[in-house]
Every structure is written in structure tokens, then in C-alpha cells.
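Values in this text are rule-based calculations from the coordinates and carry no lab data. The structure displayed is predicted, hence computed values, not measured ones. Please note: Cβ atoms are built from the backbone with ideal geometry, for glycine as well, and neighbour counts cover all protein chains shown.
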Amino acid sequence: MRFKIPVYCSSCDTETRIRTSRKMTSGYYVIHRECKNKACGARFKTEETFSDFTDEDHLKRFELDGLEPSHCALIIIDQQDANALRSFRFKRNNPKAELYMLKVLHAWREHSLPIIHVRHISRDSESHFSPGCPGSNFQPDFEPLPNEHIIDKSIPDAFLNTEIESWLRKRGIEQLVICGATSDGSIEGTVRTAGNLGFTVWVPDDACYTFTKYGYDGSHIPAEYAHIIAMTNIHHGQSTVVDTSMILLALKNILRKSKKNKKHH
């Protein structure tokens, strides 16, 4: 895995793309880039170095080598019909977020690990999330199984005024994988509290999404920018932001080691 760090044009500050890449020596590349802004069209050469890491190195870097499956709950937030309908009306980022959420959900189900589905129930009778409104229903692909826990909330923070903390503590769960919607709403609000309460939290950013919005000053904020800022906020202190592949790799490696250890005993 190579982490992609965006490189911006020095002329117009737009993100650039790679035109050609030539490996000079191990870990050292000469990269020819061009600006994505067609009106600018700047082209330039950069020299970049990369360090080769093993899968184990990556997992350790993000503390995923310490994931304890039986003590790690998956929390999926607000996967309801109202958000699905909203996706048709407003621009959003991560169009494949639901696919990645389902990958994690299926992995947790396959190994009978703890799962919580958080459902937003609005106090506003005009909201599509209000009680009895079809929009408050879970999306079909995310319908909880009988052995999976459901938490209802009325504000972005799934910990405030709900039983979620006591439910986790009673079961000795100290680690969380949190995904869903929206990145800068319920995800950020819930993760901040979870981290402050002492839970170890991982957030797969490709399994989260948000929508475009307008800033306090009336400026237009693209969904991807809002998402990046939210992930940056929670990565510094309350959680570790990773991607779905790393979560699944960590789970696979740890369960494989556990199985091997049992055979030797």
C-alpha cells in the first residue's frame, strides 16, 4: 500500500495528476505532473521518495495490530432511507461508501462480532427522519439482524442521552470501528465523544460520506472538502482514520494468528 499525498500546483493551487513516473533507484522516483485545472495547464517535474512498508508495518503504524475482535464493536450510523434519498438530491462524496460499509458489516457478521446500528429519529415532525416517516427506516441492505443492537438518537452524538456507553461497558468492549453518515455530522460528533470517553476508535474514511453545504459566510463547500476536514479533525486526538482495506486486513491477520495459536495448544 502506498499513501497518496496530493501535490498542488504552485501557480493556481489546484491538485495535480501524474503524467509519467520513472523509478530511478529503490524508493526514488522522478514524477512529471500536470495541473488538473485546464485553464492553468501547468506542467512540472518533481522528485519523490517512497519507503516500502509491509502490511504489518502499516497495521502497526495505525495501531491496528492491537485490534481485539471480540472486544471491538462495529458501529454503523444513520444508514436510513432519508439519507439514501438525499443522495439523489444533493452532491455527496464517496459514492461507494455503502459498498465499503457492507464489506466491514459482512466481516463482522461472519465472525459473530458485536454490531450496533445507530438510527436517527428526529424531534422535528417535518424531518424525513421523524418517527413513522418512511425515511427513518433502515436501508434494506443495512437492516439489522435479530442479534444486532439498535440505538436511537435525536442529535448527531450517538453517546449523549443514549444507552450506548453502558451497553459497550457491560460487554467489555473498549474498541470501536465507526462508519456511516455524515462525516461532519453524526460521525464526527459520535467519534469525538467516544474518544473522550477512552474508547480506541478507528474510522474507515472510505466508508463514510457527507453532502455539499454552505458555510457560515455563504460560501459553497464541496462534499469532499467537508469530509476531509471532518476526518482531519477526528484523526487528531479522538480516533485513527484508516481505510476499509486496512480494517479487513487487520481482522484477517489477527483471526488467522489466533487460529494458529489454538492449533499449537
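Taking the Cα centre of the stretch 58-256 as reference, the dipole from Cβ charges on Lys and Arg (+1) and Asp and Glu (-1) amounts to some 240 debye. Distance from the alpha carbon centroid of the stretch 118-154 to that of the stretch 199-265 works out to 23 angstrom.
Working note: Cα gyration tensor of the stretch 139-248, eigenvalues times five, square-rooted, sorted largest first, giving semi-axes of 24, 16, 15 Å. Among SER11, SER122, SER154, sorting on how many other beta-carbon atoms sit within 10 Å of each Cβ, with the fewest leading, yields SER11, SER154, SER122. Subtracting the Cα-Cα distance of GLU110 and ARG86 from their residue separation scaled by 0.36 nm leaves 5.6 nm. Sorted fewest first by neighbouring Cβ atoms within 10 angstrom, CYS35, CYS179, CYS133 come out as CYS133, CYS35, CYS179.
If I model a spin label as a point 7 Å beyond the Cα along the Cα-Cβ vector, how far apart are those points for LEU248 and GLU15 in nm? Here the answer is 2.2 nm between the modelled labels. Label-to-label distance for THR232 and SER154 is 3.5 nm, based on points extended 7 Å past Cα in the beta-carbon direction. Of the residues PRO140, PRO131, PRO114, the one that moves most in a GNM of the chain with alpha-carbon contacts below 10 Å is PRO140. Taking the chain as a whole, the Cys residues whose C-beta sits 4.7 Å or farther from every other Cys C-beta are CYS72, CYS133, CYS179, CYS208. Projecting the Cα atoms of MET101, CYS12, SER186 onto the charge dipole of the chain (Cβ charges, centred on the Cα centre) puts CYS12 farthest toward the positive pole. Here the relative contact order of the chain, from alpha carbon pairs under 8 Å that lie six or more residues apart, stands at 18 percent. Taking a point 7 Å from the Cα of SER258 along the Cα-to-Cβ direction, the residues of the stretch 91-121 with backbone N closer than 15 Å to it are 107-115. Taking 20 °C and 1.002 mPa s as conditions, the chain diffuses translationally at an estimated 105 µm²/s according to Stokes-Einstein applied to its Kirkwood radius (Cα pairs). A simple rule links phi to the HN-Hα coupling: the Karplus curve 6.51 cos²θ - 1.76 cosθ + 1.60 with θ = phi - 60°, which for the stretch 213-224 gives 7, 10, x, 4, 9, x, 6, 7, 10, x, 4, 5 Hz, with x for Gly and Pro. Only DSSP H runs of four or more residues enter the estimate; each adds -39500 (n - 2.57), and after division by the residues of the chain the mean residue ellipticity at 222 nm equals -9000 deg cm²/dmol.
Since only LEU145, TYR214, VAL242 are under comparison, the one whose Cα sits farthest along the positive direction of the charge dipole of the chain, derived from C-beta charges on Lys, Arg, Asp and Glu, is VAL242. Of all DSSP bridge pairs formed entirely within the stretch 58-256, close to 15 percent run antiparallel. Residues whose amide H falls under 5 Å from that of GLN80, counting only those 5 or more places apart or on a different chain, are GLN139, with hydrogens built in the peptide plane.
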